[in-house]
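Please read the structure below before turning to the comments.
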Amino acid sequence: MKHIKTYHATEMQHKNGDIVIEGPITGEALESLEFHEELVAFRQAPQQHQALIKIADLPEGRIIIVREKNQVVGYVTYVYPDPLERWSEGNMENLIELGAIEVIPKFRGGGVGKTLLQVSMMDEAMEDYIIITTEYYWHWDLKGTGLNVWEYRKVMKKMMQAGDLEYFATDDPEISSHPANCLMARIGKRVDAESVQQFDHLRFQNRFMY
């Protein structure tokens, strides 16, 4: 499968400053930008910056960023699922995962997360993919936002729906371990029926629940 990436950008006026949301961005372009010190949801900012540079240069890797002047203040990543997760078991070239989304506190709210997803989906090539995201409540910034699990889930749902992702049932043990966890996905218009069936088999591996 040929991985095509078409760059898109949109300017946004946020109450805390003007920002640009753009991508997919190259590793070289990402390396030339500063990386905000508060982007620490997954690892320390310098390490996360380097991790994103590597993802950006993967054939299937996509990084869409939120940029204030010369500084990255938010991002979303798309990459093949982790080899340790069931979603990689089908070795599907047309299944990618929305792996991480993060925006610094200054620019939270005001639709930045939604716009990140909308810019992601502007690329026509996304119609060739099944895009999944696995949401686990223990990854959520409940302390930083002051929201409880259900309030945060509601915010996350609205944001993902801006990128046309919707709920899909699954018997995955980690997702099933808490009612707030969920699988969301977007099936592109050009995804073939065989791939959709393969995705269904990944979602339900306990045949008694299928």
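Just so you know, all these numbers are worked out from the coordinates, no wet-lab data involved. Since the model is a prediction, treat every value here as computed from it, not as a measurement.
Within the straight-line cut-off of under 14 Å between alpha carbons, the aspartates and glutamates reachable from Lys189 are Asp123, Glu124, Glu127, Asp128, Asp164, sequence neighbours fewer than 8 places apart in one chain being disregarded.
The stretch between Ala193 and Val149, if pulled fully straight at 0.36 nm per residue, gains 12.3 nm over its current Cα-Cα span. Only one of the values (i) 13.7; (ii) 12.1; (iii) 11.4 was calculated from this structure for mean projected area of the Cα convex hull in nm²; name its label. Answer label, from the structure shown: (iii). Between Gln44, Gln71, Gln118, the residue with the greatest mean-square fluctuation in the GNM of the chain (Cα pairs under 10 Å linked by springs) is Gln44.
Under the criterion of Cα pairs below 8 Å and six or more residues apart, the relative contact order for the chain equals 18 percent. The slack in the chain from Gln13 to His201, taken as 0.36 nm per residue of separation less the alpha-carbon distance, amounts to 63.4 nm. Only lysine pairs 8 or more places apart, or on different chains, with alpha-carbon atoms under 30 angstrom apart are counted in region 1-128, and they number 15.
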